[in-house]
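Colleague: I am attaching a structure below and will ask some questions about it afterwards.
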Amino acid sequence: MPTHEIRRAYKRPAISDQQKRRELSLLRQQQNRFDAQSHARRLASTLLSFNQPPSSSSSSSEPHCISEEHDEGDEGDEDVYEEDNDDDQLQNGTQLNQIKDVRQASKLRGQESRRWFARQLMLPEWMIDVPDCLTLDWFVLARPAGKRCFVVSINGTTVSRQRNGSVLHYFPSALPSGARTRENSGSAQSYCILDCIFHEMDQTYYVIDILCWRGYSLYDCNADFRFFWLNSKLSESGACKPPSHYHKYRFSPVPVYNCDQSGLLSAYTEKVPYVKDGLLFYNKHAHYQSGNTPLTLVWKDEKCSQYVIDTDSAGKVPSKQQVVLELQSDGKVTTSDDPPVVFGCLDQEFLLKSGLSPGNLLRFSISDGGLTFVDGKLEKADLQYQDKPNRARAFADSYSKAISI
Amino acid sequence: MVMEITQILLNAQSIEALARQQAENTLAQFQEQNLTSFLLSLAGELANEEKPVESRKLAGLVLKNALDAKEQHRKYELVQKWVALDVGSKNQIKTFLLQSLSSTVHDARSTASQVIAKVAGIELPQKQWPELIGSLLGNIHQLPPHVKQATLETLGYLCEEVSPDAVEQDQVNKILTAVVQGMNANEPSNEVRLAATHALFNALGFAQANFNNDMERDYIMRVVCEATLSSDVKIRQAAFECLVAISSTYYEKLSHYIKDIFSITAKAVKEDEEPVALQAVEFWSSICDEEIDILEEYGGDFTGDSEIPCFYFIKQALPALVPMLLETLLKQEEDQDQDEGAWNIAMAGGTCLGLVARTVGDDIVPLVMPFIEENITKPDWRQREAATYAFGSILEGPSPDKLTAIVNVALNFMLTALTKDPNSHVKDTTAWTLGRIFEFLHGSAVETPIITHANCQQIITVLLQAMKDTPNVAEKACGALYFLAQGYEDVGSSSPLTPYFQEIVQALLTATHREDAGEARLRTAAYETLNEVVRCSTDETAPLVLQLVPVIMMELHKTLESHNLSPDGKQGELQGLLCGCLQVIIQKLGSAEPTRAVLLQYADQIMQLFLGVFACRSATVHEEAMLGIGALAYATGPDFVKYMNEFYKYLEMGLQNFEEYQVCAVTVGVVGDLCRALEDKILPYCDGIMTQLLKDLSSNQLHRSVKPPIFSCFGDIALAIGENFEKYLMYAMPMLQSAADLSAHTAGADDEILEYTNLLRNGILEAYSGILQGFKNTSKTQLLLPHARHILSFIDSIYQEKDMDDAVMKTAIGVLGDLADTLAASAGSLIQQFPSCRDLLNECLSSDDHSVKQSAEWAKLAISRVVSV
């Protein structure tokens, strides 16, 4: 017998809130289960990398010393890296990718640890045009001149690492878990991660972003909140105080402005205690993500930066502008973007003769032909191979940097 | 062996409780002691024309209940008992039953036809009782109309009971011929015609072949359409019900008839009695359902090889269909908004209009706008309400581009109407329409915001004001606020609602305290809106959400105290809402470090309240309290162990709750939360939990949807307690293995079964994953070695089936990695024996799904260590 009345929901939402509560709980449980499994697996990956023979130069435990020279002492290590074949790199990359947690990563040693840390920084694109809603959606700050660093305080030590992953300083600091003092030791859970620029002249770490504070991850927080958190927490911790026995270097926040006219003017012209090197723009809604992102931008001109033009290793301005590109297995040379932008292709004969291998970074100068654009896309680049760049370099230039030259 | 049971059956219907009780006991005893004699006696009573109608009817019903039960397990038992009876007795019972169909007593015939269908439901699939259909069809040609009517009724029930593949096509043809003839306009008896029309409704599922044949289909359609014109309202209604059923079962066969059907339905909607008109509207709603499904499935681009083409019936009928539906909107009933059970032509018409909008999108807007503009300011409330309802109905479907400008103009009008319209019905619909505006045109996905800094305050003021109106209007205002909040769910760190947060929360709490909050779901709506406001709140208002914790706790505390005095259903409902609200708050505050610490200061008290709630018997409340406890365990972490002794008995109760399976399912999920929170501290409780979970798995009574999560839960436990899982291996592994064997192949399964199978596979694989990871780096990994081959062959077979979804793929590739990781070299040689593993790995490595890829990279790493690639 048919039901005589077919009723449908009338003026009711399609799903009840109770069902929604159920589903959200399930979702949380699924996510937690996946996290628990990944955690178990991640521990495994770390162990696997430990099981590999440690490289000789970095097997000894690191002393608590300042070791700017440390990298240079690691030459042999770098060579191993250069000679790694493609497969091995892929293999290793996979392994390192498993490590998402700085607590695990800080147990890594030698080149592995450098390569892990080299991937962690968020890298700005060069500002080629003005983003829509600049005034509403963006922050601006005057970038301090100096070495960009990834600073981790954990288990009573603070370590700063440069863009290529190499250690700049091991030192005690007033950051949470940053020194072995009674009030500051904390548990392994209360580590911090900061994105800084080390300014040589006043020996200060200028903090330009915050990723973790006392184990509380801010990766998934937007820039708006991260800056708020940075400003409220950093001074609280005592890290902004002048150096002392258990606090080797001073930390300092950088004034952040809204991108309205007065903010831009302040960032551009206002006096700051450091040498400026361009302006950094942060999209307020963007999360912290490692690698190149169009959601942070850098602008340099003569007025706000003394480094507007690249210098060579001797500090001289080269006669022609240069660009560093990565050699691919098919002979193409590309930028560090994802996906990479192809700038040109080396012929096989040249490759054989030069002994270059895929993955190598190569420095080119841009010849008289310059860069030609069609419909906003790079059509042709007149490149001249120069040499391999400084070994400490971990990345090719990004497209936005190459063309803003 | 036929016993005299007339008196017992009459006593069983006595108004005296004692006599009734005795008679029921006697019958139960009789059934228990001698089933054959019991069934024979009942069938004999039913067939005996000299017995009183009351005892005959009850005999039939008791007989029916001895063959079938709602509960699956019981049903299976009864069927087994019938099958085991001796053939002679069964034949005698069947003879009695068929004989009863010719009875002059209507109730006896009608009951007999239901019992016959039940017996057929057992026997036809076993190829028994082959002569049944023949002898029924023989009846059709008998003269007395009442026999013909009973026989057609029996055929209808039979088609409802038996699946189409249990009946041979030539018998199907004969049944359909008999039924359609019975429906024919020249059938003199209306009773026969009605029975035949009902029978056709049930037989439509059998008519696949006949609907594929143009001539037969034309004939059936003609007869059905003619029946919609019968002078008997019941026949007209039944005929329209057939058309509704045809529209969903044979959508792709309708194009020849759709014009005629439109004329018929339009006439019925306009002129016929309401039960008929409702079915005529339902026909179009059903067509919308079909076309929405098709368009969703194919995303609008059809090719010749689409399984079911879309005929765009709604689009073609649009210019005539929309005015027809708009007309119905003016036929509201005076108090329909106060009456929970109301369903009338205006409601059906508006609902259909909403479906039409979803089907055709933008095209509906110009057809409805003139109606709205003409009526929305009229003095007659019916016109204003109809216009508003029409507007609210078309907000889902058309593109925001098409609607934004209109809504921007309408918004102010609506806000004014909600404050000032003298008619409550109009306000109700206005508040509902505002909710629809916020649901579909407000949120981060919408480009041009409807709600701006300029009007946000006014909107909130009006909604909060409306929360003081009659309960039904207040409930709709809560609903509108729900979607207003939802639109800001991913607004970032700063929400436009922040300045009003306190005021909104206060207004919602006030609404829950209204004396009439029990009417029109108001209290429920207010709490649900509070939940959504909390879920979508930002860090800015975290301190205010924290303040809400003691408030809700106090409310819950009050219900626990008064519960002792007056245990009634309303109290339970309120407890459920409060537990739900606490759960949402815990989940919100527990997810961020700074607020989590403050929340945990209340953990002891919250836990005490939840435990108090378990004293209440309502399933909904238990489920809500369980969900809350899960969230609390997650927020608390290892410290949760201090509550375990007290909580454990309720956990066990939850796991034993077969009947209210949602409670069982939620409790299983909470076991997972506990495992992750307590880790190895859960060990002392694992014996009890595992025993219960294993019992659940072996039970026929437990709803199947709970089984996949139980398997996943094995994995959670193993991951938490590591090698201590050893003692459960001998029980868990065989269960996993047999479930794996069952779910490996899905040949011929429909979508629903495939979906369930994939859930089951996922649960099984999650169990393996947890067990493997749990045993890693222990001295007992060799205990898992004997199972490795089976795990691999399970993954191999589901890979070969090519029907796993992304979730299963992710878990499967993860298990492969876990296997290599835990069993090391021993797994290596085994993995190499399954070449599909490599294919699976490669497929996963190139998956578009990030999490599949991530698991695959893990697996690649682990496998590369034990297998030389």
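The values are calculated or read from the model by the stated rules, or taken from the named source; none is laboratory data. This one's a predicted model, so the numbers in the text were calculated from it and none came from an experiment. For neighbour counting, all protein chains shown are included, and Cβ atoms are generated from backbone atoms with ideal geometry for every residue, glycine included. Please note that ligands, DNA and RNA were not included when accessible areas were found on the heavy atoms of the full protein model with its side chains. Shrake-Rupley method; radii C 1.70, N 1.55, O 1.52, S 1.80 Å.
Colleague: Leaving ligands, DNA and RNA out of it, work out the accessible area of B:Glu503 with a 1.4 Å probe and give it in Å² to the nearest 10.
Modeller: 100
Colleague: Provide B:Asp165, B:Asp490, B:Asp362 ordered by accessible surface of protein heavy atoms (probe 1.4 Å), highest first. Let's see the in-between values first.
Modeller: Values: B:Asp165 130, B:Asp490 95, B:Asp362 55 Å².
Descending order: B:Asp165, B:Asp490, B:Asp362.
Colleague: Rounded, prolate or oblate, given the Cα gyration tensor of the range B:420-467, with a/c below 1.5 counting as rounded? Could the numbers behind the result be given before it?
Modeller: Details: a/c = 3.06, a/b = 1.66, b/c = 1.84.
Because a/c hits 1.5 or more and a/b fails to exceed b/c, the range B:420-467 counts as oblate.
Colleague: Want the number for B:Met3 to B:Gln502: 0.36 nm per residue separation, take away the alpha-carbon distance, what's left?
Modeller: Working: separation 499, 0.36 × 499 = 179.64 nm, distance 7.47 nm.
So the chain would gain 172.2 nm between B:Met3 and B:Gln502.
Colleague: Kindly identify the range B:1-127 as rounded, prolate or oblate by the Cα gyration tensor criterion: order the square roots of the eigenvalues as a ≥ b ≥ c, call it rounded if a/c is under 1.5, otherwise compare a/b with b/c, prolate if a/b is larger, else oblate. Write down the numbers at each step before the final one.
Modeller: Working: a/c = 1.68, a/b = 1.22, b/c = 1.37.
Oblate.
Colleague: Set the Förster distance to 56 Å, then compute FRET efficiency between A:Gln19 and A:Ser357 from the Cβ-Cβ distance, nearest 0.05. Write out the running numbers ahead of the final one.
Modeller: Values: r = 58 Å, r/R0 = 1.03.
Using R0 = 56 Å, I get an efficiency of 0.45.
Colleague: How large is the accessible surface of B:Asp805 in square angstrom, using a 1.4 angstrom probe and rounding to the nearest 10?
Modeller: Counting only protein heavy atoms, the figure is 60 Å².
Colleague: Can you tell me how the range B:433-533 classifies by the Cα gyration tensor, rounded, prolate or oblate, using a/c under 1.5 as the rounded cut?
Modeller: The shape class here is prolate.
Colleague: For the protein assembly as shown, what is the convex hull volume of its Cα atoms per residue in Å³? Please report the intermediate quantities before stating the final value.
Modeller: Details: hull volume 286.7 nm³, N = 1274.
So the per-residue Cα hull volume is 225 Å³.
Colleague: With a 1.4 Å probe on protein heavy atoms only, tell me which residues of the range B:692-722 lose at least 50 Å² of accessible surface in the complex relative to the chain by itself.
Modeller: B:Leu719
Colleague: Which FRET efficiency value, to the nearest 0.05, is calculated for B:Asp293 and B:Asp401 with the Förster distance at 30 angstrom and r the Cβ-Cβ distance?
Modeller: With a Förster radius of 30 Å, E is 0.75.
Colleague: Computing the accessible area with a 1.4 Å probe over protein heavy atoms, can you report the carbon and sulfur percentage for the range B:386-524?
Modeller: The C+S portion of the solvent-accessible surface of the range B:386-524 is 52 percent.
Colleague: Averaged per residue, what accessible area in Å² does the protein assembly as shown show with a 1.4 Å probe, protein chains only? Intermediate results must be reported in sequence, preceding the final value.
Modeller: Details: 55830 Å² over 1274 residues.
I get 44 Å² per residue for this part.
Colleague: Please give, to one decimal in nm, the separation of the simple spin-label points placed at B:Asn455 and B:Met369, each 7 Å out from Cα toward the Cβ.
Modeller: 1.6
Colleague: Which FRET efficiency value, to the nearest 0.05, do you get for B:Lys802 and B:Gln701 by plugging their Cβ-Cβ distance into 1/(1 + (r/R0)^6) with R0 = 35 Å?
Modeller: Details: r = 34 Å, r/R0 = 0.98.
Here the calculated transfer efficiency is 0.55.
Colleague: For peptide B:858-867, how many partner chain Cβ atoms fall within 10 Å of a residue's Cβ, on average? Present the calculation step by step, with values, prior to reporting the outcome.
Modeller: Numbers: counts 10, 1, 4, 11, 4, 0, 4, 3, 0, 0.
Across B:858-867, the average partner-chain Cβ count within 10 Å equals 4.
Colleague: In the protein assembly as shown, if the dipole is taken from +1 on Lys/Arg beta carbons and -1 on Asp/Glu beta carbons about the Cα centre, which of B:Pro145, B:Phe413, A:Ala118 is farthest to the positive end?
Modeller: Farthest towards the positive end: A:Ala118.
Colleague: How big is the B/A interface in buried accessible area, both sides summed, 1.4 Å probe, to the nearest 100 Å²? All intermediate terms of the calculation are to be shown ahead of the outcome.
Modeller: Working: alone 38410 and 22820 Å², together 55830 Å².
The buried area between B and A, both sides summed, comes to about 5400 Å².
Colleague: Same structure again: Sort B:475-485, B:689-699, A:256-266 by the packing proxy (mean of other Cβ within 10 Å over each peptide's residues), most packed first. Don't skip to the end; give the middle numbers.
Modeller: Values: B:475-485: 26.9, B:689-699: 17.8, A:256-266: 15.9.
Ranking, from highest mean packing down: B:475-485, B:689-699, A:256-266.
Colleague: Can you compute the charge dipole magnitude of the protein assembly as shown about its Cα centre, using +1 on each Lys and Arg Cβ and -1 on each Asp and Glu Cβ, nothing else charged? Give it in debye, rounded to the nearest 20.
Modeller: Details: 111 positive and 168 negative charges, 550 e Å.
Using Cβ point charges on Lys, Arg, Asp and Glu, the protein assembly as shown gives about 2640 debye.
Colleague: Next question. Solvent-accessible area of B:Glu396, probe 1.4 Å, all protein chains present, reported in Å² to the nearest ten, please.
Modeller: Result for B:Glu396: roughly 60 Å² accessible.
Colleague: I want to check the label-to-label distance for B:Asn25 and B:Asp214. Put each point 7 Å from Cα in the C-beta direction and report it in nm to one decimal.
Modeller: Spacing of the two 7 Å Cα→Cβ label points: 7.1 nm.
Colleague: Can I ask one more? What percent do you get for the relative contact order of the range B:119-253 when only Cα pairs under 8 Å and 6+ apart count?
Modeller: Details: 153 pairs, mean separation 31.0, N = 135.
Over the range B:119-253, the number comes to 23 percent.
Colleague: In nanometres, what is the gap between the two model label sites at B:Leu544 and B:Asp170, each 7 Å from Cα along Cα-to-Cβ?
Modeller: Going by the 7 Å Cα→Cβ label model, 7.8 nm.
Colleague: Of A:Lys248/B:Lys776; B:Lys707/B:Lys727; B:Lys780/B:Lys860; B:Lys118/B:Lys570, which sit over 31 Å apart, Cα to Cα?
Modeller: Details: A:Lys248/B:Lys776 42 Å; B:Lys707/B:Lys727 21 Å; B:Lys780/B:Lys860 24 Å; B:Lys118/B:Lys570 40 Å.
The pairs that break the limit, which is 31 Å between Cα atoms, are A:Lys248/B:Lys776; B:Lys118/B:Lys570.
Colleague: Any chance you could run the full-extension gain for B:Glu16 through B:Lys127? It's 0.36 nm times the residue separation minus the Cα-Cα distance, nm to one decimal. Working shown, then result.
Modeller: Working: separation 111, 0.36 × 111 = 39.96 nm, distance 4.52 nm.
Length gained between B:Glu16 and B:Lys127: 35.4 nm.
Colleague: Inside 10 Å of the C-beta atoms of B:671-682, what's the mean count of C-beta atoms belonging to other chains? Can you show the working numbers first?
Modeller: On the way: counts 0, 5, 5, 0, 3, 6, 1, 0, 1, 0, 0, 0.
For this peptide, the per-residue mean of nearby foreign Cβ atoms is 2.
Colleague: Find how many whole Å separate the alpha carbon centroid of the range A:248-310 from the alpha carbon centroid of the range B:801-869.
Modeller: 45
Colleague: How much length, in nm to one decimal, is gained on full extension between B:Ser444 and B:Ser738, taken as 0.36 nm per residue of separation minus their Cα-Cα distance?
Modeller: On the way: separation 294, 0.36 × 294 = 105.84 nm, distance 4.71 nm.
Value of the extension gain: 101.1 nm.
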